[in-house]
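*Asks:* My structure is below; once you've seen it, I'll send some questions.
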Ligand code: SF4
């Protein structure tokens, strides 16, 4: 592993001339502006730790549970730093929460204390903004472009579709006249991806503001200029990763980076470093480049695309453990040669080029194909390649991704800035080491907690042992987990500020230890009966998180056949609509798969039972996880322990975290996978990764609690 880096210098706090406010004062002002607001202990603790990091330059991992108020805990001290501070999020939901709610509120509150109004800006990828050059060229017929390049079978349907898309295009043109930002998220109602693609520009295809005839008015360029002037810049992990990997310098230079939803960072960086070849992509690139090429050069590209289609049809889906099969190797070799010839034929963009934008688009697409083909042919040890063939046959692709991004993060992320990484799920198995390693911060081997931390954990456990959950009988049950001790490594430290929720009083973690170990795919009969009993005891209000679509479907069918409860199933309607119905229809149940494990926030009594059918280990057909585990096995370690268990821990913690979203929430998490109790090795590790719910394996205790909740 690449050695960890320490920030070369701390983020410089603003000088406190004339008693300039510190982070604590700014936080107090921010929370005081909320009616009845007061800083919570965890929030204060987090803000103080961040101020210490700003001064020392030491990177910080902070686990902060739901309800801590962590955004204000990092935004307030961020305002003490000279120069921009960058905040990166994984989800659009958190980005919107920061930009539309937290930052304006903070700016209002601290203006009198700070003596000026702090500024903030949002930075998104170039393709999120309307591209005036593309809008202009879309007036002309663009047979090679996305709007009309995929006619569907059935002329009548296609004509109707074309009319709908045409109307959206007209609406976009009207919007272009009035928008101040060109930001797609401000277009309401939105337009189809297909339409947006025809008026936006991926970063690699942009010719650059100086060469573009619309460079002076460009929305993406304007957003960057605003970011350079702001105190706080909100961006996302994907853009941060691209900026870091490609050295694009989109994100302004900064000394403090706050990574929220940090448990997602490594995956987002990995996705940004992933590349793929698809026959359709080669076809589209060829059509773009064709006007610039001699026919025989264009024909070589077409042949390479055909060869790839044949190679993909022959290869089985999944990881290529024995290297590229001959047909795919042949396709990559053809593509490498064809793209090089095409790029040479197109040549450089000259100052007097009549259409530099289109030429750049063609070159960028070919360049990307060329780089990916070469990367695949190289078959480097640090890369993993696989064939993707979704069951619905929608697309086939040859994909390549890095085996690990820890080294990349270690090399690029920590040298120039202080990094604060935070999430509700950072301490896995009760320690920060695993996440620290994944994020490229080296970690020492596990050591027993310090006497002080052990004493603190013992006190906390003793305190909980005396409590009883209002939703549980105590007989046969126990409190689940303890406070996470701080871990430190070279140049970094960690902190768990806990949660304002009293998990041991508010909720029960019930593991159905009497059920047989799950062995077949889908929902086993005994698990189905257990689900019926639990949901029946409460009377609906259940979020079902399933490991497969089949299991979710079977559970929905079972409940629909044996109860009168309304059952909402992911895939039957748009997800936001299903979540709204789940929130509003008191007895309803919502069943779904992985995207529900993180994306549902339903406080109150609409969700008082969360059922998880099995431990969310990566499936054998998840190529990256399988390759990472195999690499650890090959090095003499346990890939299952080092890769699969931590992935399951993060997913499980996210799923379990759906239950308690507010201080008044009560409920039960039921895990229908007995291994959480019975697996000697990873069972305790997974349990220690979860909030400290009251823990039981007794079905009567769980049902009794649910019956009481159902009557309340
Ligand atoms: S600079 Fe790039 S993104 Fe901006 S209008 Fe020109 S081509 Fe489009």
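*Asks:* What angle do you read, to the nearest 10 degrees and between 0 and 90, between the alpha-carbon axis of helix 645-656 and the longest principal axis of the chain?
*Replies:* Orientation of helix 645-656: about 70 degrees from the principal axis.
*Asks:* Quick check: Cα centre of segment 378-420 to Cα centre of segment 68-133, how many Å?
*Replies:* Cα centres, segment 378-420 to segment 68-133: 29 Å.
*Asks:* Working from Cα positions, state the angle (0 to 90°, nearest 10) between the long axis of helix 103-114 and the longest principal axis of the chain.
*Replies:* Helix 103-114 sits at roughly 80 degrees to that axis.
*Asks:* Shape call for segment 534-616 from the C-alpha gyration tensor, a ≥ b ≥ c root eigenvalues: rounded (a/c under 1.5), prolate (a/b greater than b/c) or oblate?
*Replies:* Because its axes are fairly even, with a/c under 1.5, segment 534-616 counts as rounded.
*Asks:* Over the chain, what relative contact order in percent results from Cα pairs under 8 Å that are six or more residues apart?
*Replies:* Across the chain, relative contact order equals 16 percent.
*Asks:* At residue 577 and residue 680, where each label point lies 7 Å from the Cα along Cα→Cβ, what is the point-to-point distance in nanometres?
*Replies:* Those two pseudo-labels are separated by 5.2 nm.
*Asks:* Given only helices, namely DSSP H runs of n ≥ 4 each adding -39500 (n - 2.57), what is the per-residue ellipticity at 222 nm of the chain, to the nearest 500 deg cm²/dmol?
*Replies:* Calculated mean residue ellipticity at 222 nm is -13500 deg cm²/dmol.
*Asks:* Starting from the Cα gyration tensor of segment 571-712, take the square roots of the eigenvalues, sort them a ≥ b ≥ c, and report rounded, prolate or oblate (rounded when a/c is under 1.5, otherwise prolate if a/b is larger than b/c, else oblate).
*Replies:* Since a/c reaches 1.5 but b/c is at least a/b, the shape of segment 571-712 is classed as oblate.
*Asks:* With angles folded into 0 to 90 degrees, how steeply does helix 623-634 sit against the dominant principal axis of the chain? Use alpha carbons for both and round to 10.
*Replies:* Approximately 70 degrees, to the nearest 10.
*Asks:* A follow-up question, please. At 7 Å along the Cα-to-beta-carbon direction for both residue 299 and residue 550, put a label point, then send me their distance in nm to one decimal.
*Replies:* In this crude label model, residue 299 to residue 550 measures out at 4.8 nm.
*Asks:* Using just the C-alpha positions of the chain as equal point scatterers, what log10 of I(q)/I(0) does the Debye formula give at each q in 0.05, 0.08 1/Å?
*Replies:* -0.27, -0.72
*Asks:* Can you compute the label reach from residue 662? Point 7 Å from Cα along the Cβ direction, backbone N cut-off under 11 Å, restricted to segment 87-101.
*Replies:* Within reach of a label on residue 662, which here means backbone N under 11 Å from a point 7 Å along Cα→Cβ, segment 87-101 contributes nothing.
*Asks:* Can you give me the C-alpha center-to-center distance between segment 524-575 and segment 663-712, rounded to a whole angstrom?
*Replies:* That distance is 18 Å.
*Asks:* Order 566-574, 250-258 from most to least packed using the mean count of other Cβ atoms within 10 Å.
*Replies:* 250-258, 566-574
*Asks:* Something else now. How far apart, in nm, are two points set 7 Å out from the Cα along the Cα-to-Cβ line at residue 348 and at residue 707?
*Replies:* 8.2 nm
*Asks:* I'd like to compare 497-505, 634-642, 686-694: which one has the highest average count of other Cβ atoms within 10 Å, and what's the full order after that?
*Replies:* 686-694, 497-505, 634-642
*Asks:* Applying a 10 Å radius around every beta-carbon, put 167-180, 193-206 in order of their mean neighbour count, most first.
*Replies:* 193-206, 167-180
Values quoted throughout were computed directly from the atomic coordinates according to the rules given, and no laboratory measurement underlies them. Small disclaimer: the values here were computed from a predicted structure and weren't measured. Note: ideal-geometry Cβ built from the backbone for every residue, glycine included; neighbour counts use all protein chains shown.
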